[in-house]
Structure formats: C-alpha cells, structure tokens
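A quick write-up on the structure given underneath.
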Amino acid sequence: MRIGAISDLHIDRHPKLKSNVYLETLIKVVQHREIDLLLIAGDISNYFRDSYQFIKDLKTALHIPILFVPGNHDYWKAEDGTTIWGRSVVLSLVGHIGYLGLFQVCLI
C-alpha cells in the first residue's frame with residue numbers, strides 16, 4: 001500500500017493561482033505515484049467550505065480513501081473569523097472518526 005501525505009496547501013492564499021490548479025496538480029501527482037491512500041494534514045484553505053469542497057473534488061477524481069486532519073485554518077469561517085462554528089460544520093460534513101494523538105481524524 002502506498003500512502004501519500006501532504007499539508008499546508010493554502011489553496012486560497014496565492015495571489016495568482018486558483019484552487020483548481022492545486023487540485024489538478026495534486027491529482028496528477030497522486031496518480032503518477034500510484035498512491036492508495038492520501039492523508040491531508042491540515043490547512044487546505046482559510047475557509048472550511050473551500051477545504052471541504054477541495055477534498056470532495058479530490059475524492060471524486062481519485063477514487064481512493066482520503067484521511068483529513070483539520071488544521072487551524074480549516075476551522076475558520078471567513079466572513080467573521082470565527083472557529084467554533086466552522087469546526088462543527090467541518091466535522092458534520094466529513095464525518096468524525098476519532099482522535100490520533102491530539103488531532104481529530106476525519107474520513108472523507
């Protein structure tokens with residue numbers, strides 16, 4: 001089994017690159033390396049809905065299990081900077097499966 005791991009994509013922070021560029025690039029790398037399971041270790045974006053959509057699109061394209069450990073940025077709600085509401089929505093959208101050390105693991 002080949003396991004891939006990546007973190008801190010921050011798909012919404014680059015002044016020129018859009019999230020689809022990150023998505024397409026990651027898909028190509030995972031397919032090229034024949035990854036069987038992907039672990040995303042947080043900070044996909046600064047808005048929980050964008051992080052969720054990115055994972056959903058990735059899973060649709062790759063058809064492999066994806067484990068997601070939300071980072072501090074993934075819990076944010078961009079409009080007002082709150083974290084609690086974003087955290088509960090991320091967990092309800094992706095499915096909380098338990099703790100790995102201090103980190104929550106979500107199965108996508």
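The values are calculated or read from the model by the stated rules, or taken from the named source; none is laboratory data. Please read all numbers here as calculations on a predicted model, not as lab measurements. Glycine gets a Cβ as well: all are built from the backbone with ideal geometry, and neighbour counts include every protein chain shown.
Among the residues of the range 45-81, which ones are assigned to a helix (DSSP H, G or I), of a type outside the set (V, I, T) and at pLDDT 80 or above?
Narrowing the range 45-81 to residues assigned to a helix (DSSP H, G or I): 48-62.
Pick out the ones that are also of a type outside the set (V, I, T) and you get 48-54, 56-59, 61-62.
Correct list: D50, S51, Y52, Q53, F54, K56, D57, L58, K59, A61, L62.
Considering the range 8-24, the residues that are among the hydrophobic types (A, V, I, L, M, F, W, C) and part of a loop (DSSP other than H, G, I, E, B) include one that is farthest from P65 (Cα to Cα), namely L17. Filtering the range 25-33 for residues that are surrounded by fewer than 14 Cβ atoms within 10 Å (Cβ to Cβ), touching a strand residue (DSSP E or B) at 6+ places or on another chain (Cβ under 7 Å) and not in a helix (DSSP H, G or I) leaves a non-empty set. Note on the range 34-56: among residues that are acidic (D, E) and at negative phi, the one that is surrounded by the most Cβ atoms within 10 Å (Cβ to Cβ) is D50. Within the range 34-44, restricting attention to residues that are in contact with a strand residue (DSSP E or B) (Cβ under 9 Å, 6 or more places away or on another chain) and in a loop (DSSP other than H, G, I, E, B), the residue that is farthest from M1 (Cα to Cα) is I44.
Across the range 6-27, the number of residues qualifying as modelled with pLDDT of 90 or more and over 13 Å from I44 (Cβ atoms) comes to 3.
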